[in-house]
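Here is the structure we will look at.
The values are calculated or read from the model by the stated rules, or taken from the named source; none is laboratory data. Remember, it's a predicted structure, so these values are computed and weren't measured experimentally. Virtual Cβ from ideal backbone geometry, glycine too; neighbours counted across all protein chains shown. In case anyone asks, the SASA skips ligands and DNA or RNA and just uses the protein heavy atoms, side chains included. Shrake-Rupley method; radii C 1.70, N 1.55, O 1.52, S 1.80 Å.
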Amino acid sequence: MSASSKKKLRKEQNAAAMTERQKKEQQEAKKLKAYTLTFAIVMVLVVAIVVGVIVSPMIDGLVRRNSNAVTIGEHKLSTADLTYFYFDAISEYQQTVYNQYYSSFGNYWSYMLGFDTTKPLNEQMYDEKEGKTWADHFIDTAIDTAKDTYALYDDAVAKGHTFTEEEQTNLDSYLESMELYATYYGYSSVKSYLRSSYGNGATEKNYEEYYRVCSLASSYLSKYHEDLEYDLEDYRAYEKDKFDDYSTLSYIYYSMKYNTYLGEGTKSEDGKTTTWTDEEKNAARDAMKADLEALLAGEVKDKESFDKAIQAWEINKPKEEDNKESDSSSSSSSSSSSSSTATKLPTSTEVKDAFINSISLQESAVNWLKETKTVDGKVQTARVAGELKAFEVYTYEDKKDLPDDHKHGDDCGCSRTIDGYTIVLFTERDDNEVKMANVRHILVKFQGGTKDKDGNVTYSDEEKKTAKEEAEKLLKQWQEGKADEESFGELANKESDDQNGKVTNGGLYEDIYPGQMVKAFEEWCFAEGRKTGDTGIVETEYGYHVMFYSSTDEMSYRDLMIDTDLRAEDTEKWHDSLSEKVTCVTENLKYMDYDYVLQEQ
C-alpha cells in the first residue's frame with residue numbers, strides 16, 4: 001500500500017470513529033461561522049457609510065486642491081484657489097444689490113438679486129442668448145478678478161513693492177484673528193470655518209496665500225492711485241468736454257396734466273370704463289393752457305408765490321363738498337377742518353444742488369436749466385434767479401415704419417399731442433468752484449434727553465444750556481492758554497465727544513465742501529470773510545461745537561471731483577494695460593460649485 005493510500009485510510013477511520021457529540025460541535029461551529037460572516041458584512045457596510053461621511057469631504061477637498069482649474073501667467077490655480085474668487089464674486093454682487101435696494105425695499109431686497117436664492121445657480125439663466133447660467137457668470141467673474149489680481153501682484157513683486165508697516169500689521173492682525181472668528185461663529189477650528197464659507201478645498205494655508213496675494217495687489221493699486229500727480233491745466237483739459245458734469249442746479253417745478261381737467265365723461269354700462277369725446281379732450285387742454293398762461297403772466301419768483309399761483313387755478317380750488325366733508329370729519333376743531341382742506345392743495349417740488357446728469361426732468365427742461373454763456377472767457381449761467389419757463393409734455397403717435405430702436409424725443413419728428421406741461425422755476429446754478437475748508441472742532445454732546453415711541457430723542461432747554469456752558473468753558477480754557485492751533489488740537493483729543501476726530505487728529509476735518517456737513521456747521525465754515533484762526537460756538541443736532549478755522553484749502557470742490565474721476569480713470573487704464581499682458585487659460589472647471597445655493601430652504 002502506498003503512502004498516499006495509507007493517509008486516505010486514516011482519514012476514513014477517524015471520520016468513522018467521530019462521536020455524536022463531535023458532530024454536534026462541528027455543526028454549531030458552522031453556524032457560528034455563518035453568523036460571524038453575516039455580522040462582518042453588516043459591520044463593513046456600516047463602517048463604509050460612516051467613513052464615507054467623513055472621508056468623502058476629505059477626498060473632495062483633496063481633489064479640489066489638486067485639480068488645476070485655470071492658469072494665469074505662471075500661476076496654476078486649483079479649484080480651491082479659484083473658489084475663493086468665486087464665492088467672493090457672489091458675495092460682492094449680493095452686497096451691491098443689498099446696498100442698492102435695501103433702503104427702498106427693506107427685507108425684500110433679496111428679490112431684486114436677479115436670481116432665486118433658494119435654487120441652484122446652475123439652474124437659473126443669466127444670459128439666455130449666450131446660454132449662460134448664474135453659476136457660469138460668477139465663475140467668469142472669478143476668473144477675470146483672479147487675472148486682474150495676479151496682474152497687479154506680479155508687477156508689484158517685479159517692482160519690489162512691499163506692504164507698508166501699517167498694512168503688514170493689519171494683514172497679520174487679520175490672519176491671527178481667524179481663530180477668533182471661527183469660535184465666534186460656532187466652529188471648532190479655522191479649517192471648518194473656512195470650509196463652511198469656501199468649500200471642502202479650503203485650508204488655512206491656501207486661504208492665507210489667497211488673502212496675501214489680494215492684499216499686496218490692493219496695496220500696489222492704491223499706491224499707484226495715490227502717487228498720480230495733476231495740476232490745474234490737467235483739470236481744465238479734463239473738464240473741457242464735460243463742464244456740466246461737475247455743476248449743480250437748484251430749481252422748483254410743477255407738472256400739469258390735462259387729464260385732471262377732464263370732466264366726468266361717459267361711463268360704460270358696467271361702470272368700469274370712462275370715455276371722453278375729442279371735444280371734451282380739447283376743452284380740457286384749452287383750460288390747462290389758460291391756467292398756464294395766467295401763471296406765466298403772474299409774479300412767480302419763489303416757491304411760496306409758485307404754490308400760491310398753482311392753488312389759485314379753478315381746477316385746484318377746494319370744492320364746496322370738500323369743505324363739508326372736512327367739516328363733518330373734524331367738527332370738534334375748526335383748525336382740523338382747515339388743515340384737512342390744505343392737504344388737498346397741490347404744491348410745487350423744490351430741488352436743491354442736484355448734479356445736472358442726475359436731473360430727471362425731460363431733456364428740453366434740463367437743457368434750458370443748464371444753459372450757459374461765456375463772459376470774458378469764463379463760463380457762467382445764462383439763467384436769472386426767478387426765471388420761469390414751461391415745457392410741453394407730449395404723447396407721441398407710433399408709426400408702423402418706425403425702426404425698432406426708435407426713441408421718442410423733443411426732436412424726433414413724430415406727430416405728437418400735448419398732454420401737459422412741466423413748469424420750471426430756476427433758482428441757482430453752482431459750478432462748485434468754492435475752495436474747501438479745513439476746520440477743527442470740539443464736540444460737547446447733549447446729555448440726557450427724552451425718547452418718543454419712534455426712538456427720536458429730544459433735549460430740554462436745561463440740558464442744552466448745560467452743554468453750551470461746557471462748550472463756552474472749553475473755549476475760554478483754550479483762550480487763556482497758548483490759544484494756537486496745536487493747543488486746540490490737544491484739547492480736542494482730550495475733551496471732544498466726537499469719536500471721528502477725538503483720538504489722534506485733534507478734531508480736524510479736512511477738505512470740507514458744501515453739502516457735506518450739517519447745515520449750521522457748514523454755514524459757519526463757509527461764512528463770508530471766514531479766515532484762519534477764527535473761533536466760535538455752533539449748535540447742531542449733535543450738541544455744541546467749539547470751532548477753530550484751520551485754513552482754506554487751495555483746491556476747490558470742483559477740482560476735487562475732477563481729480564477723483566481723473567485719478568480713477570488713469571488708474572483703471574494702467575490696471576487694464578497690466579491685465580492685457582497676462583495670459584489666462586481655462587483648464588478644468590468641473591469641480592467648481594455650479595450647483596451652489598445661496599440660501600437653503
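List the pairs whose first member sits in region 506-535 and is of a type in the set (Lys, Arg), whose second member is open to solvent by 40 Å² or more (accessible area, probe 1.4 Å), and whose Cβ atoms are under 9 Å apart, counting only residues at least 6 apart or on separate chains?
Filtered contacts from region 506-535: 530/552; 531/552.
Search region 577-601 for residues being of a type in the set (Val, Ile, Thr) and surrounded by fewer than 16 Cβ atoms within 10 Å (Cβ to Cβ), and hand back the single one that is farthest from residue 150 (Cα to Cα).
Across region 577-601, the extreme among qualifying residues is 597.
Looking only at region 198-208, filter to residues that are in contact with an Asp or Glu (Cβ under 8 Å, 6 or more places away or on another chain) and assigned to a loop (DSSP other than H, G, I, E, B); which one of those is most open to solvent (accessible area, probe 1.4 Å)?
Out of the qualifying residues, it is 200.
Here are the criteria: (1) within 27 Å of the chain's Cα centre (by Cα); (2) small (Gly, Ala, Ser); (3) under 30 Å from residue 463 (Cα atoms). Tell me which single one residue 536 does not satisfy.
Unmet for residue 536, out of (1) within 27 Å of the chain's Cα centre (by Cα); (2) small (Gly, Ala, Ser); (3) under 30 Å from residue 463 (Cα atoms): (1).
Check region 143-154 and report whether any residue there is without any contact (Cβ under 8 Å) to a residue 60 or more places away in the chain, open to solvent by 60 Å² or more (accessible area, probe 1.4 Å) and of a type outside the set (S, T, N, Q).
Yes, because at least one residue in region 143-154 is without any contact (Cβ under 8 Å) to a residue 60 or more places away in the chain, open to solvent by 60 Å² or more (accessible area, probe 1.4 Å) and of a type outside the set (S, T, N, Q).
Out of (1) within 25 Å of residue 483 (Cα to Cα); (2) among the small types (Gly, Ala, Ser); (3) surrounded by fewer than 16 Cβ atoms within 10 Å (Cβ to Cβ), the odd one out for residue 543 is which?
Exception for residue 543: condition (3).
Name the pairs: first residue in region 55-73 and free of Cβ contacts under 8 Å to residues at least 24 places away in the same chain, second residue surrounded by 14 or more Cβ atoms within 10 Å (Cβ to Cβ), Cβ to Cβ under 7 Å, at least 6 apart or on different chains?
Partner pairs satisfying both residue conditions: 66/78.
So is residue 320 modelled with pLDDT of 95 or more and open to solvent by 30 Å² or more (accessible area, probe 1.4 Å) or not?
Criteria not met by residue 320.
In region 277-284, is there at least one residue being within 30 Å of residue 388 (Cβ to Cβ), open to solvent by less than 50 Å² (accessible area, probe 1.4 Å) and part of a loop (DSSP other than H, G, I, E, B)?
no
Mind listing just one residue for me: the one in region 163-197 that is assigned to a loop (DSSP other than H, G, I, E, B) and without any contact (Cβ under 8 Å) to a residue 40 or more places away in the chain and, of those, farthest from residue 75 (Cα to Cα)?
Going through the qualifying residues, I end up with 186.
Taking the stated definitions as given, is residue 223 out of contact with any Asp or Glu (no Cβ under 9 Å at 6 or more places or on another chain), farther than 15 Å from residue 162 by Cα and either of a type in the set (Lys, Arg) or in contact (Cβ under 8 Å) with a residue 24 or more places away in the chain (or both)?
no
crowded, with 17+ Cβ neighbours inside 10 Å, farther than 11 Å from residue 440 by Cα and modelled with pLDDT of 95 or more: does that describe residue 574?
Spelling it out, it is not the case that residue 574 is crowded, with 17+ Cβ neighbours inside 10 Å, farther than 11 Å from residue 440 by Cα and modelled with pLDDT of 95 or more.
Residues checked against (1) within 14 Å of residue 588 (Cα to Cα); (2) among the aromatic types (Phe, Trp, Tyr):
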| residue | (1), (2) |
| --- | --- |
| 60 | no, no |
| 68 | yes, no |
| 72 | yes, no |
| 77 | yes, no |
| 82 | yes, no |
| 85 | no, yes |
| 89 | no, no |
| 92 | no, no |
| 97 | no, no |
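Considering only residues that are under 17 Å from residue 447 (Cβ atoms) and either among the polar types (S, T, N, Q) or in contact with a Ser or Thr (Cβ under 8 Å, 6 or more places away or on another chain) (or both), which ones fall in region 525-547?
Scanning region 525-547 gives 540, 546.
Of the numbered conditions (1) surrounded by fewer than 17 Cβ atoms within 10 Å (Cβ to Cβ); (2) assigned to a strand (DSSP E or B), residue 550 fails exactly one; give the number of that condition.
Exception for residue 550: condition (1).
Residues of region 107-151 being over 28 Å from residue 574 (Cα atoms) and of a type in the set (Phe, Trp, Tyr), which ones?
Residues satisfying the conditions are 108, 109, 111, 115, 126, 134.
Starting from region 90-110, keep only residues that are more than 23 Å from residue 120 (Cα to Cα), then list their pairs with residues that are hydrophobic (A, V, I, L, M, F, W, C) whose Cβ atoms are within a distance under 7 Å, requiring at least 6 positions of separation or different chains.
Pairs that qualify, where the first residue is more than 23 Å from residue 120 (Cα to Cα) and the partner is hydrophobic (A, V, I, L, M, F, W, C), are 102/109; 105/112.
I want to confirm something. Restricting to region 111-136 and keeping residues that are open to solvent by less than 30 Å² (accessible area, probe 1.4 Å) and out of contact with any Asp or Glu (no Cβ under 8 Å at 6 or more places or on another chain), which single residue is modelled with the highest pLDDT?
So the residue we want is 134.
Do we have residue 515 as open to solvent by 40 Å² or more (accessible area, probe 1.4 Å), on the phi > 0 side of the Ramachandran plot and within 33 Å of the chain's Cα centre (by Cα) here?
yes
Test residue 211 against the stated conditions and say whether it is open to solvent by 40 Å² or more (accessible area, probe 1.4 Å) and either assigned to a helix (DSSP H, G or I) or of a type outside the set (S, T, N, Q) (or both).
Considered against the rule, which asks whether it is open to solvent by 40 Å² or more (accessible area, probe 1.4 Å) and either assigned to a helix (DSSP H, G or I) or of a type outside the set (S, T, N, Q) (or both), residue 211 comes out as yes.
Out of 249, 232, which single residue is open to solvent by 80 Å² or more (accessible area, probe 1.4 Å), aliphatic (A, V, I, L, M) and within 30 Å of residue 433 (Cα to Cα)?
Sole residue among the options that is open to solvent by 80 Å² or more (accessible area, probe 1.4 Å), aliphatic (A, V, I, L, M) and within 30 Å of residue 433 (Cα to Cα): 232.
Test residue 430 against the criterion of being within 30 Å of residue 381 (Cα to Cα), in contact (Cβ under 8 Å) with a residue 12 or more places away in the chain and not small (Gly, Ala, Ser), and give yes or no.
Yes, satisfied.
Which residue out of 590, 573, 531 is among the basic types (Lys, Arg) and in a helix (DSSP H, G or I)?
573
Taking the condition surrounded by fewer than 17 Cβ atoms within 10 Å (Cβ to Cβ), among the hydroxyl-bearing types (Ser, Thr, Tyr) and under 18 Å from residue 346 (Cα atoms), does residue 255 pass?
Considered against the rule, which asks whether it is surrounded by fewer than 17 Cβ atoms within 10 Å (Cβ to Cβ), among the hydroxyl-bearing types (Ser, Thr, Tyr) and under 18 Å from residue 346 (Cα atoms), residue 255 comes out as yes.
What residue, of 465, 473, is open to solvent by 90 Å² or more (accessible area, probe 1.4 Å), assigned to a helix (DSSP H, G or I) and either under 14 Å from residue 539 (Cα atoms) or polar (S, T, N, Q) (or both)?
Matching residue, one of 465, 473: 465.
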